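Student: Supplied in structure tokens, the structure appears directly below.
The values are calculated or read from the model by the stated rules, or taken from the named source; none is laboratory data. Fair warning: this is a prediction, and the values are worked out from it, not measured in the lab. Quick reminder, even Gly has a Cβ in these numbers, built from the backbone with ideal geometry, and neighbours come from all protein chains shown.
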Amino acid sequence: MPKKAEADSESSDFKERISPSAIAGLARIFEIAWPDFPRLRFEKRANRGLTGLEMKGRVVHVADALADSLPDDFPEAATVIGKALDLPQLDGWIVYCIDDYVARYGIYQPEVALPLMARLTPRWTCEYAIRPFIETHPEITFEYFDEWIESENEHLRRLVSEGSRPRLPWGGYLKGFVADPTPTISLLDRLVDDPSPYVRKSVANHLNDITKDHPDLAIGTAQRWLDEGGEAERRAWIVNHGMRSLIKKGDPAALALAGYDHGAEVAITRFRVSPGEIAIGESVAIEFALTAPEPTPVMVDYAIHHAGSSGMRSAKVFKLKRLELEPGVETAFVREHRIREVSVRRIHPGPHLIEIQVNGRILAAATVEVQN
């Protein structure tokens, strides 16, 4: 997802990014680009049934309306889209609908669709649209990847790393790369020192995807990047961010790559979680202190095993702080945590286990009873 979309995606009216007014704006642009564009028919078709759809449904719906309105011949339609892209006002979420149109209606003409994506992706990322081409036309798609990696445009370089992620959120899985991600590692090798933070974040997220299916391969790749030198500070950030899922799980090798010793001598004191009983939606206070006999870098987290309908769930890890403990000095931590329902998690009454995790090791735990 592009930078400007990340905040939008958290909004309660997220789907309204594809709205009747946005559709009308798109229609005006296409009418300028191609005077024969059936503007009114397109608007009527695109708005019919739009209200009841969520974001992805709206994207597909408007893309299908475009298919009904553009020339049936895809190369001719691509020419119209290219003329629309000559207009700077074609930008933002509505371009997502054009991406989807190109992905589905141009899938059998990659020699036309892929160059068009190269023009579209700076306006609105084609990271989702390109995935069917990776699966259906891997050879030609990788030929374009080879070209785009050398582009001066950061959006094109990012399209290579983001579009080929094995487990791209919203984009589903690329099953071939879930099974064997080595083809994409060769792409990441060429992007790991990219000057753009936007691209480097994508490289790190791609590496994090690989950790979920091939942790040893991901750790080995990260270690190789660090050993090779290159842009050391940039690579260290990518490795740290790319190892985050393994780090949350307390993986000793991943922690070591980030500079933390899983077996470091750290003691916990004054541990308390209060109150011992709360209602759903209320908060608990987590208080504790840490000491170490020598200067010790620590990554301090806490994990909560929420009660489920049939027993405790696996831990949800929350970041707390990274710091270096001074020898013999007690360092105190206080965190208030509200146990509430969110869109992806329902809270059940029952015991909730709270653990303190330091450099991946559980040093203390307490149970809070949560009631309706």
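Student: Output the residues belonging to segment 40-67 that are over 17 Å from Val95 (Cα atoms) and either in contact (Cβ under 8 Å) with a residue 24 or more places away in the chain or touching a Ser or Thr at 6+ places or on another chain (Cβ under 9 Å) (or both). Quick ask: steps written out before the conclusion?
Tutor: First, pick out the residues of segment 40-67 that are over 17 Å from Val95 (Cα atoms): 40-41, 44-45, 48-49, 51-53.
If the condition is that a residue be over 17 Å from Val95 (Cα atoms) and either in contact (Cβ under 8 Å) with a residue 24 or more places away in the chain or touching a Ser or Thr at 6+ places or on another chain (Cβ under 9 Å) (or both), then Arg41, Arg45, Leu53 are the ones that fit.
Student: Mind checking which residues of segment 219-277 are assigned to a strand (DSSP E or B) and in contact with a Lys or Arg (Cβ under 9 Å, 6 or more places away or on another chain)? Reasoning before the result, please.
Tutor: Step one: filter segment 219-277 for residues assigned to a strand (DSSP E or B), giving 267-274, 277.
Across segment 219-277, there are no qualifying residues.
Student: Considering segment 297-316 alone, what residues qualify as being outside any strand (DSSP E or B), farther than 15 Å from Ala364 by Cβ and of a type outside the set (Ser, Thr, Tyr)?
Tutor: Step one: list which residues in segment 297-316 are outside any strand (DSSP E or B), which gives 306, 310, 313-315.
Subset that is farther than 15 Å from Ala364 by Cβ: 306, 310, 313-314.
His306, Arg313 - these are the residues of segment 297-316 that are outside any strand (DSSP E or B), farther than 15 Å from Ala364 by Cβ and of a type outside the set (Ser, Thr, Tyr).
Student: If Gly230 meets every condition in (1) under 13 Å from the mean Cα position of the chain (by Cα); (2) modelled with pLDDT under 95 apart from one, which number is that one?
Tutor: Of everything listed in (1) under 13 Å from the mean Cα position of the chain (by Cα); (2) modelled with pLDDT under 95, Gly230 misses just condition (1).
Student: Does Arg167 meet the test of being closer than 27 Å to Arg224 by Cα and either surrounded by 15 or more Cβ atoms within 10 Å (Cβ to Cβ) or at pLDDT 95 or above (or both)?
Tutor: Details: closer than 27 Å to Arg224 by Cα: yes; either surrounded by 15 or more Cβ atoms within 10 Å (Cβ to Cβ) or at pLDDT 95 or above (or both): yes.
So Arg167 fits the description; yes.
Student: Tell me which residues, restricted to segment 317-363, are in a strand (DSSP E or B), surrounded by 16 or more Cβ atoms within 10 Å (Cβ to Cβ) and β-branched (Val, Ile, Thr).
Tutor: Val317, Thr331, Ile354, Ile356, Val358
Student: Restricting attention to segment 272-286, and to residues there that are over 32 Å from the mean Cα position of the chain (by Cα) and surrounded by fewer than 17 Cβ atoms within 10 Å (Cβ to Cβ), which single residue is farthest from Glu330 (Cα to Cα)?
Tutor: Ala279
Student: I need the full set of residues from segment 40-54 which are in contact with an Asp or Glu (Cβ under 9 Å, 6 or more places away or on another chain) and surrounded by fewer than 18 Cβ atoms within 10 Å (Cβ to Cβ), in order please.
Tutor: To start, the set of residues in segment 40-54 that are in contact with an Asp or Glu (Cβ under 9 Å, 6 or more places away or on another chain) comprises 41-42, 45-46.
The one that is in contact with an Asp or Glu (Cβ under 9 Å, 6 or more places away or on another chain) and surrounded by fewer than 18 Cβ atoms within 10 Å (Cβ to Cβ): Arg41.
Student: Now for a separate question. Taking Glu287 as the residue in question, decide whether it is in a strand (DSSP E or B) and not aliphatic (A, V, I, L, M). It would help to see each step written out before you state the result.
Tutor: Values: in a strand (DSSP E or B): yes; not aliphatic (A, V, I, L, M): yes.
Judged against the criteria, Glu287 is a match.
Student: When you go through Trp237, Trp225 one by one, which is the residue that is surrounded by 13 or more Cβ atoms within 10 Å (Cβ to Cβ), over 21 Å from the mean Cα position of the chain (by Cα) and not assigned by TED's automatic domain parsing to the domain that holds Thr367?
Tutor: Trp225
Student: Among Pro110, Pro181, Pro115, Pro122, which is surrounded by 22 or more Cβ atoms within 10 Å (Cβ to Cβ) and free of Cβ contacts under 8 Å to residues at least 40 places away in the same chain?
Tutor: The unique qualifying residue is Pro181.
Student: Do we find that Leu85 is surrounded by fewer than 23 Cβ atoms within 10 Å (Cβ to Cβ), out of contact with any strand residue (DSSP E or B) (no Cβ under 6 Å at 6 or more places or on another chain), assigned by TED's automatic domain parsing to the domain that holds Gly242 and of a type in the set (A, V, I, L, M) in this structure? Walk me through how you get there before you give the answer.
Tutor: Details: surrounded by fewer than 23 Cβ atoms within 10 Å (Cβ to Cβ): yes; out of contact with any strand residue (DSSP E or B) (no Cβ under 6 Å at 6 or more places or on another chain): yes; assigned by TED's automatic domain parsing to the domain that holds Gly242: no; of a type in the set (A, V, I, L, M): yes.
So Leu85 does not fit the description; no.
Student: Which one of Leu217, Leu255, Leu207 is within 29 Å of Tyr128 (Cβ to Cβ) and touching a Gly at 6+ places or on another chain (Cβ under 9 Å)?
Tutor: Being within 29 Å of Tyr128 (Cβ to Cβ) and touching a Gly at 6+ places or on another chain (Cβ under 9 Å) holds for just one of Leu217, Leu255, Leu207, which is Leu207.
Student: Moving to a separate point now. Against the condition in contact (Cβ under 8 Å) with a residue 12 or more places away in the chain, part of a loop (DSSP other than H, G, I, E, B) and surrounded by fewer than 19 Cβ atoms within 10 Å (Cβ to Cβ), how does Glu294 come out, does it pass?
Tutor: So Glu294 fits the description; yes.
Student: Given the options Ala258, Ala218, name the one that is hydrophobic (A, V, I, L, M, F, W, C) and over 18 Å from the mean Cα position of the chain (by Cα).
Tutor: Result of the check over Ala258, Ala218: Ala258.
Student: Next question, about the same structure. Can you report the number of residues in segment 205-218 which are of a type in the set (A, V, I, L, M) and surrounded by fewer than 22 Cβ atoms within 10 Å (Cβ to Cβ)?
Tutor: Taking segment 205-218 and keeping what is of a type in the set (A, V, I, L, M), we get 207, 210, 217-218.
Remaining after also requiring surrounded by fewer than 22 Cβ atoms within 10 Å (Cβ to Cβ): 217.
Count: 1.
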